[in-house]
């Protein structure tokens, strides 16, 4: 994905919004090199990841290339680099370590609609040493809420579940083997596409051979969505009141209840989060709370921010136990989808004012006006070569620049400048000394009105 | 280079400062993919660049690897991607096209002190179609001045020269061949290291066999530094008053004079720019104005921001003539050098406040305080698990967090919170509703005092 400037500006605004909110919650920035040692990247990969890795060789290495894989490869996510970073700098970091990382990652996928070989991931994680209280799990929905509220891309819902709760529930239905649980979940995932009857037939049929009653309970379980905070708590209570409730389920319920209470204390409105027992995420990785976030008006986009709690970040790189919780936003894909859905606004330029040039002699004066505007914090472009005024207005309008500033002989003599506001379609005069200040006020008003 | 969070914060602040000022001058953001087609990247490279390129292959491509170079490679600068971008999107862009680009680039150099295989470049360029007025050359010093003034890394001087002026001068000394000019300049470049006598002997000696008088004039020429705006203009006048002045020299002087006058009109203080006739930059690329920027207190760091005017950006990718002018900051190397010189301040965290936790029961209340702080624009971390208060202070202090907020039973009953200001080493109480507002005022005061 390569963008023209107006779209790049919109993309950059999303990046800024994410970063600002990550920092608002006390997360610290980390950047890691794009290349990692191949042996580090491929430590925990299955075959699928390995096929998607981009290997890197300098010309010299290429010439000497022998057997085996190249020494270096491009990161394919931010989790493996985080694990390597934390293990490498373990004794220099304060735990719990709260980091955010917003960088591009690379996957050698075939290019296709909506799939990118290079895309931004925006991640936060809290990493504990030896242990990490479940309380930290409550911060993730608060960050998600802050980020997407400010993005103003429509109402969203943070769907939450807990892997212990799931495991306990499925064990109570006689499905104790994690791999079998995964297979059942994969079938359940087809509910929307294939319908309930198809899924019920498959699960009671030859392959799974589950009792009809168990399947009915499973389908009821995964369809559950809480409608309010009180409803969520009531649904959790109902699960442990059941005679079949085992310890894993009780543990999961207790965790999720604590997390929900703290999410509320953090001020997330209760219509922005819900229980959803069908959310599983990576089954081999997450061990507690799991999150997905969906846009209410665009369910087809799928999850726009996901994550969860994991038991040990970096077992391949250190003997220390490093439990953590984190979320990830795949911004490139999200931007592409939001643009497709018409939710992205690309109207405003980063350039806020343009100083028009009436004639060649006026350049020194135009540069002085621009200097004052810039010193006052206004992003300003100057027309460096005289053109017809109509052309200059046309340029500013197309470029999304709001203010055009003009100073002809008459204005100059009176110590004022004329300002055309292309957004409000009006023109006014202002004293030269007050120009930057008054444009700042106008821009600030627009910012507040638009809720940015 | 991989940084720990306090240094990453300092690095990010430099990136933000650069971006803010690039945008202040009306430059638009562009990002390009890290990979370009090898044939695009290597079009204009000499052997040196080619040896430094990193080639990229997915696992699939690696298996099929045949003869010849891999199809993809990592960008080694931002100029080639800009040329490809402008040529590709020529009909969608408005000219003069003003873009900034701040991304990492990759060179397969041997790892050594101060040399990086992955580093940030921060570039601006103005690209014209068919022609581009020399007036745009004057904006570059204004941007350089704005960026480095705000960085507050000490007094700097923007050194300026003009390639036409140089060519004219050397032709007048009987050195018309550009390659011979380059060889002479390379010798002249050794003035600081080897001394004037050595250089004079070399140039009058066997290899060059230049007349002693020409060598004397060359040495006087390249040692020239203007001491003020008026002095710079006077030195330019003196060059054209000379009987030997040819057309190229006159053209260069006229350009440089216009640029200097506009640089002054843009408000760059005259002690921040100077003529320096020894500045050459890439001889095969730049054709007019050239710039280098040096820190007055750290000449050994060399140029921290360089660039110039070029005749045609993208002759390999389009038939259109695209003249331009631009500058580049190699931020990774600069950061590394400034850190070495002790100029980088890594004291302050992005986290501005920490809510202490007095006991486990106080968490809901602590989260509510944090919510208010964040809503008021204060970057806030909460202690999620009770620890000894001394430990919590120690953590905040080490982390560079300025405010620690406490609400015990007593404060809670009175509707206030206690705030410890670790920077000013004082403690005060404030009404819970006014907390965010009063910290905002304190932070704003510090920002103004520190001139940020």
Note on region B:120-213: alpha-carbon gyration tensor, axes a ≥ b ≥ c; rule is a/c under 1.5 for rounded, else prolate if a/b larger than b/c, else oblate; result oblate
Calculate the tail of P(r) for region B:172-256: the fraction of all Cα-Cα distances greater than 21 Å, expressed in %. 36 percent
Gap in Å between the Cα centre of region A:370-392 and the Cα centre of region A:134-186? 52 Å
Would you mind giving the mean number of other chain beta-carbons within 10 Å of the Cβ of each residue in B:257-270, as a whole number? 2
Kindly put A:164, A:321 in sequence by how many other C-beta atoms sit within 10 Å of each C-beta, fewest to most. A:321, A:164
Once every Cα of region B:353-449 carries one equal point scatterer and solvent is ignored, give the base-10 log of I(q)/I(0) from the Debye formula at q = 0.17 Å⁻¹, two decimals. -0.68
Normalising by the residue count of region B:155-296, find the relative contact order in percent from Cα pairs under 8 Å and 6+ residues apart. 53 percent
Jot down the per residue volume, in cubic angstrom and as a whole number, of the convex hull over the alpha-carbon atoms of region B:102-168. 186 Å³
Computed FRET efficiency, Cβ-Cβ of residue A:43 and residue B:177, R0 45 Å: what is it to the nearest 0.05? 0.20
With every atom except the alpha carbons ignored, what do you get for Rg and Dmax of chain B, in angstroms? 27.6, 92
Mind sorting A:304, B:301 by how few other Cβ atoms lie within 10 Å of their own Cβ, fewest first? B:301, A:304
Shielding by partners for A:8-14, please: the mean number of other protein chain Cβ atoms within 10 Å of each residue's Cβ. 2
What is the Cα convex hull volume of region B:278-422 when expressed per residue in Å³? 201 Å³
How many percent of Cα pairs in the protein assembly as shown exceed 56 Å? 19 percent
Cα-based equivalent ellipsoid of region A:55-133: semi-axis lengths in Å, sorted from largest, via gyration tensor: 30, 20, 9
Length-normalised contact order of chain A, Cα under 8 Å, at least 6 apart, in percent, tallies to 16 percent
Yeah, region B:232-296 with a ≥ b ≥ c from its alpha-carbon gyration tensor (a/c under 1.5 is rounded, else prolate when a/b outruns b/c, oblate otherwise) is oblate
At a Förster distance of 51 Å, what's the computed FRET efficiency of residue A:316 paired with residue A:152, Cβ-Cβ distance as r, to 0.05? 0.80
Report, largest value first, the span of the C-alpha coordinates of region B:324-364 along each principal axis, in whole Å. 63, 29, 11
Euclidean distance of C-alpha centroids, region A:254-322 and region A:326-367, integer Å: 34 Å
Proxy reagent accessibility, fewest Cβ within 10 Å first, across B:373, A:185: A:185, B:373
If you rotate chain A onto chain B, the residue of A with its Cβ nearest that axis, and the gap in whole angstrom, comes out as A:56, 3
If I fit a long axis through the Cα atoms of helix A:229-241 and take the longest principal axis of the Cα atoms of chain A, what angle between them do I get, 0 to 90°, rounded to 10? 10 degrees
What the 10 Å binned alpha carbon P(r) of region A:256-328 shows, as percent of pairs per bin from 0, is 16, 45, 29, 9, 1
With the cut-off at 1.5 for a/c, could you classify region A:45-180 from its C-alpha gyration tensor as rounded, prolate or oblate? prolate
What distance in nm separates the simple spin-label points at residue B:340 and residue A:410, each placed 7 Å from Cα in the Cβ direction? 6.0 nm
Expressed in nanometres to one decimal, the distance between label points 7 Å along Cα→Cβ at residue B:440 and residue B:426 is 2.2 nm
Expressed as a whole percent, how much of the Cα-Cα distance distribution for region B:155-296 exceeds 26 Å? 22 percent
Helix B:79-88 sits at what angle to the longest principal axis of chain B, using alpha carbons and giving 0 to 90 degrees rounded to 10? 90 degrees
With angles folded into 0 to 90 degrees, how steeply does helix A:178-188 sit against the dominant principal axis of chain A? Use alpha carbons for both and round to 10. 60 degrees
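Each value in this text was obtained by applying a stated rule to the coordinates, not by laboratory testing. Note that the structure is a prediction, hence the values are computed from the model and not measured. Using ideal geometry, Cβ is built from the backbone for each residue, glycine included, and neighbour counts are taken over all protein chains shown.
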